[in-house]
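What follows is a short report on a single structure.
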Amino acid sequence: MFCNTLSAWSRDAKPIASMVKHPFKIHVWGAISVKGKIGMHMFIENLDRNLYRQILNEHLYDNANAMHDRRWVFQQDNDLKHTFRDVKSDLKIHLPGRVLSWPSYNPHRSKLVK
């Protein structure tokens with residue numbers, strides 16, 4: 001990792017603190033229902049459509065179907081990664097008619113932003 005060093009004026013001009021320039025990050029994808037946790041996946045890379053498809057295949061489809069006997073709806077926002085053609089195709093195959101889209105955050109649609 002890269003470090004920046006903060007200095008202050010002093011007689012010996014020693015650095016006073018080190019600061020990590022790019023801190024470590026962890027992302028978590030999770031699915032929950034009224035019956036409990038369906039799946040969780042932690043990752044450090046940036047989420048793209050291929051990783052999203054992998055996560056859905058490994059953690060959502062089988063777990064949710066086993067927990068809910070195929071009587072459930074999957075809700076996600078319209079983030080770009082969720083709307084790629086191959087992701088939508090997978091969802092249509094595994095969850096026909098059971099995907100509920102939710103608008104992505106948009107400050108122009110938010111009533112809280114003035």
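Computed from the coordinates by the stated procedures, all read-outs in this text should not be read as laboratory data. Here the structure is a predicted model, which is why all the values come from computation and not from measurement. Virtual Cβ from ideal backbone geometry, glycine too; neighbours counted across all protein chains shown.
Amide H contacts of residue 72 (H built 1.01 Å from N, in plane; Pro and chain starts excluded): no residue 5 or more places away or on another chain comes under 5 Å. 3J(HN,Hα) along region 75-80: 10, 8, 7, 8, 4, 4 Hz, from the Karplus curve 6.51 cos²θ - 1.76 cosθ + 1.60 with θ = phi - 60°, whole Hz, x for Gly and Pro.
Under 14 Å from the Cβ of residue 34, count the other residues' Cβ atoms, weight Lys and Arg +1, Asp and Glu -1, and hand me the total. Don't skip to the end; give the middle numbers.
Values: positive: 35, 37, 71; negative: 69.
Counting the neighbours of residue 34, the net charge comes to +2.
What the phi angles of region 63-73 give under the Karplus curve with 6.51, -1.76 and 1.60, with θ = phi - 60°, is a coupling list of 5, 5, 5, 5, 7, 10, 6, 6, 10, 8, 10 Hz, glycine and proline written as x. Between residue 22 and residue 84, the modelled label-to-label distance comes to 2.1 nm, taking each label 7 Å out from Cα in the direction of the beta carbon. Under 5 Å from the amide H of residue 33 lie the amide H atoms of 38, each residue being 5 or more positions distant or on a separate chain, with H modelled from the backbone and absent for Pro and chain starts.
A crude spin-label estimate for the pair residue 32 and residue 98, with each label 7 Å from Cα along the Cβ direction, gives 2.1 nm. Each Lys or Arg adds one and each Asp or Glu takes one away; over the other residues whose Cβ falls under 12 Å from the Cβ of residue 90, this sums to +4. Net charge near residue 71, counting Lys/Arg +1 and Asp/Glu -1 over other residues with Cβ under 14 Å of its Cβ? Cβ neighbours under 14 Å give a net charge of +2. Report the paramagnetic label zone for residue 45: residues of region 64-92 whose backbone N is under 17 Å from a point 7 Å from Cα along the Cα-to-Cβ axis. Zone members listed by number: 81-82, 87.
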